[in-house]
1. Counting only the heavy atoms of the protein chains, how much of Ser145 is accessible to a 1.4 Å probe, in Å² to the nearest 10?
2. Determine Rg/Rh for segment 80-162; Rg is computed over alpha-carbon atoms and Rh is the Kirkwood hydrodynamic estimate from the same atoms.
3. Which percent of the accessible area of segment 1-89 is formed by carbon and sulfur heavy atoms (probe 1.4 angstrom)?
4. From the protein chains alone at 1.4 Å, what is the descending order of accessible area for Arg63, Arg177, largest first?
5. Could you provide, to the nearest whole Å², the per residue accessible area of segment 19-248 with probe 1.4 Å?
6. Rounded to the nearest 10 Å², what accessible area does Cys159 show when all protein chains are kept and the probe is 1.4 Å?
7. Who wins for biggest fluctuation among Leu158, Leu117, Leu213 in a Gaussian network model of the chain, springs between alpha carbons below 10 Å?
8. Among DSSP beta bridges whose residues both lie in the chain, state the antiparallel percentage, nearest 5.
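The values are calculated or read from the model by the stated rules, or taken from the named source; none is laboratory data. This is a predicted model, so every value here is computed, not measured. Calculation scope for accessible area: heavy atoms of the full protein, side chains included, ligands and nucleic acids excluded. Shrake-Rupley method; radii C 1.70, N 1.55, O 1.52, S 1.80 Å.
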Amino acid sequence: MPRDLQQFLREEVKSTPFCPGCGHGILLGLILRSIEGLGLDMKDMLFVSGIGCAAWIPSPHYRADTLHTLHGRAVAFATGAKLVNPNLKVMVISGDGDLSSIGGNHLIHAARRGIDLTVICANNMIYGMTGGQAASTTPAGSRSSTTPEGNPYPPFDLCKLVKAAGAAYAARGTVTRPYELMAYISKALETAAFSFVEVMSPCPTQYGKWNELDTPASCFDELSRVCRSRTEIDPEVPLPENVVILGEFDDQ
Ligand SMILES: Cc1ncc(C[n+]2csc(CCOP(=O)(O)OP(=O)(O)O)c2C)c(N)n1
Ligand SMILES: [Mg+2]
């Protein structure tokens, strides 16, 4: 971590909860870089997470007020905090399972109400912490501990979902393209209404184990391979199966 970002981290935290090859640690740093780039003061911010590996991104690492709450309920806690203290800049950082499976209703209703929150969803396409169960974001055909023959269902398109529900800003990035991702996080933080960034994050330990991508490099490379920017799509070139479309979703 560069010296200038040390100020945002709790010195007493000496070890990482993240596995080798996990993208959540990259995201941890990129959020801080975005905050630093905008010149925001951590004293004016509150970070809220639910339960899961991704929920460890803000808490215990960030030297700021953090709420590490119940599984699926991060957006509900964040809504309450924002209502009590509207001057707080409230950022929710949690996992795909937490925010869009068990917590899916809180997510869409916060978008519908236009609550001024920035929600960062670390999407590793699986329930990482609890043993690799399929989530609402697991790609069709992907294997997991609960779909060992392949997931029969299509995943949610979370950006389209929150946009349709009323989000003011939604974008999808990936830790494999850090500068693009930081720009999305910064834009979300600058939006004074409900904003959402979905962040694709490799998980060699669970998603990789079930899908023959169990080394950090193979999981990272596969994620890079399937990601395409909306602006880069060439109608002449076929898209990979389970393509992940990156970009800002501002046209709905
Ligand atoms: C009410 C409740 N149900 C289930 C659980 C078990 N649980 C904890 S975290 C989690 C899944 C987390 O997945 P995700 O949010 O995608 O985070 P990841 O670990 O993949 O980063 C589950 C099912 C729980 N803690 N509480
Ligand atoms: Mg997950």
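1. Per-residue accessible area (Ser145): approximately 50 Å².
2. Working: Rg = 14.6 Å, Rh = 13.8 Å.
With Rg and the Kirkwood Rh in hand, the quotient comes to 1.06.
3. Working: 2500 of 4490 Å².
Exposed carbon and sulfur together represent 56 percent of the surface.
4. On the way: Arg63 100, Arg177 60 Å².
Reading off the accessible areas and sorting them downward yields Arg63, Arg177.
5. Numbers: 9580 Å² over 230 residues.
Each residue of segment 19-248 exposes 42 Å² on average to a 1.4 Å probe.
6. 0
7. Comparing Leu158, Leu117, Leu213 in a Gaussian network model of the chain, the most mobile one is Leu213.
8. Numbers: 4 of 32 bridges.
For the chain, the DSSP antiparallel bridge percentage is about 10.
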